[in-house]
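All remarks here apply to the structure that follows.
Coordinate-derived values only; no laboratory data. All values reported here derive from a predicted model rather than from experimental measurement. All Cβ positions, glycine included, derive from the backbone under ideal geometry; neighbour counts span all protein chains shown.
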Amino acid sequence: MTAQSTVLAVRLRQAQWLLDDLASDAGADRLDAAQLAEAATVLAGLGALLASVHTTISGEPPREEPVDLNAEAVSGWRR
């Protein structure tokens, strides 16, 4: 495992825990602005890391078109 892969694996696991907590709080109607701001910051950083790894692997930057996160548009996601 490369250093970049190790960092990605750790950051993905941390994001998973953050999102699990966020989903739980959302389901219990306990979200606050600070949690949302933290999640947005973490996810933006994770997005940048994923883009960097993608470029390293493929030699090309990832596509720029936004993805529709509504239902069927996102294939392969486990729900």
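Think of the stretch 1-71 as having a plus end and a minus end, set by charges on the Cβ of Lys, Arg, Asp and Glu; of Ala51, Leu18, Ala3, Ala3 sits farthest toward the positive end of this dipole. Ordering 42-51, 56-65 by mean Cβ neighbour count within 10 Å, with the highest value first, yields 42-51, 56-65. For the stretch 20-46, the residues whose amide N sits under 15 Å from a probe point set 7 Å from the Cα of Leu12 along the beta carbon direction are 46. Rounded to the nearest 0.05, what FRET efficiency do Ala23 and Leu49 give with R0 = 30 Å and r taken as the Cβ-Cβ distance? Could you check? Computed FRET efficiency for Ala23 and Leu49: 0.90.
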